[in-house]
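Single-structure report; data block below.
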Amino acid sequence: MKYDYINNSISFEDNGNIYNCHSYIPQSDFDEDNYGLLFLASPYFVAESDYYEVNLYRGKRKNRVGWIIPINLLCNTDIDYLSDLDDYLLKYADISLRKLLTFCIKKKLLNDLDFEITDILPDSVIIFIYNQDSLSLSEIDHVIPSLYDNGFYTFDDPLSANFGDLYSSQLKNREIKEAKSNGSLRKINLRLIHEKYHHLLFFKHLYSYILPNNTNPFFRYISLYQVIEILMSFAFDDIYFSVISSYNTGTCTKNELRERLQESTKEKELINRIYDNVSQTDPYYNDFIEAVKSLFVLMGKDSSKLNSFQDYMYTLRNMIIHEMRNLLEYSEEMTAIAECYEKLIFILLQDCKLDKNDKKGLFVLDKDYSWKINKRKMREVYNDI
């Protein structure tokens, strides 16, 4: 689409009609094809001044990948205000507006010949515009949890989004207000979930649909716990192949093999395996334990045998599943716990390195068959993985 900048408007032709989108954003030399756009909303960032440069961490390396821009900024007509903004922000604002116009054309949303972009799209929309050389389209789903953790919710279609009913975390609200007031919130820093989990579609669903649109703390906790359930299946594979390998090399006996395989089916064993190499130094771990302890005190439940974060997390999960009738009157306490828990699940998705072991398989050599048949069966197992 060819866009012309004339008299503080972006002019273009569609189906024989000439349209003019009012804009005081200066024209940039950015190529629209080099940039991606993601629709966001937030219950925490609602001002026109809530625009932020976005960095992406890959390990310890940090690169600027784009900007988060409220759609209202694209309609600002104060030339003096706009001239004081960062040059790169203005360039990204311009490419955002052009990509929004292209979106509106493709969706056949144009009616009036003269308009502002907020005449078509809700003024609650926030734009994440990113350079695809720094963050590829194939990776964008894997920063959605990090966007959520920063206070931004993603949408595929802004016209069908219910912006008024988005979940607002009291914990996140306090953190963002404090960061704004002390000046520490200057840029948005994103992280990809660990590459071992890029194939799992549930995480996008969790952070794009479930968490932003549900307020029930019991449902939120159990939904977050699904991450643990997924990783438990990886933990079982990890233990299983480790034990089999030990037996094959003669470092464990047949009795030890049987005992360790029996142990590997226990949920507590699997949960501990998930957290084997995960640091628990973040203060949220202790905050979670203390909050659950306080809840159990209110309920008159003995927690003296619980010693770790894993113990408290698992015990609370079991209570929600089996005794939720006794928890209903503690909805306020559960809300605070679930909000802390979502921070810890996000941290886990960065730190846990358990794999689904899809490159390993089990072959049993059977002397009742010929070497040729055993060789064929081994090849079949190899080909399967």
Subject >> Relative pair counts by distance (%), Cα atoms of region 217-351, 10 Å bins >> reply: 11, 39, 29, 15, 6, 0
Original post:
By how many degrees, between 0 and 90 and to the nearest 10, does the Cα long axis of helix 371-384 differ from the longest principal axis of the chain?
Top reply: 30
Subject >> Largest to smallest principal axis extent of the C-alpha atoms in region 4-213, angstrom >> reply: 49, 37, 34
Subject >> Acute angle (nearest 10 degrees) that the helix 331-351 long axis makes with the longest principal axis of the chain, alpha-carbon atoms >> reply: 80
Subject >> Extension reserve of the Leu201-Lys180 stretch, reckoned as 0.36 nm per residue once the Cα distance is removed >> reply: 4.2 nm
Subject >> When region 119-232 is reduced to its Cα atoms, the Kirkwood hydrodynamic radius in Å >> reply: 15.8
Subject >> the chain - mean residue ellipticity at 222 nm from DSSP helices (-39,500 (n - 2.57) per run, n ≥ 4, rounded to 500) >> reply: -14000 deg cm²/dmol
Original post:
For helix 87-106, what angle does its Cα long axis make with the longest principal axis of the chain, in degrees from 0 to 90 and rounded to 10?
Top reply: 90
Original post:
Under unit Cβ charges (Lys, Arg +1; Asp, Glu -1), what dipole magnitude, rounded to 20 debye, does the chain have relative to its Cα centre?
Top reply: 2220
**OP:** Using amide H atoms built 1.01 Å from N in the peptide plane, name the residues 5+ places from Phe45, or on other chains, whose amide H lies under 5 Å from its own.
**Re:** none
Subject >> Share antiparallel - DSSP beta bridges, the chain, percent rounded to 5 >> reply: 80
Original post:
Put +1 on the Cβ of each Lys and Arg and -1 on the Cβ of each Asp and Glu in the chain; which of Val292, Thr251, Leu171 then has its Cα farthest toward the positive end of the dipole?
Top reply: Thr251
Subject >> In Hz, Karplus ³J(HN,Hα) per residue of region 47-61 (6.51, -1.76, 1.60; θ = phi - 60°; x = Gly, Pro) >> reply: 9, 4, 7, 7, 10, 9, 5, 10, 10, 10, 8, 10, x, 8, 7
Original post:
Farthest toward the dipole's positive end in the chain, which of Tyr35, Tyr153, Leu192, given Cβ charges of +1 (Lys, Arg) and -1 (Asp, Glu) about the Cα centre?
Top reply: Leu192
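Only the coordinates and a few stated rules stand behind these numbers; no lab work does. These figures come from a predicted structure and were not determined experimentally. Reconstructed Cβ throughout: ideal geometry from the backbone, glycine too, with neighbour counts over all protein chains shown.
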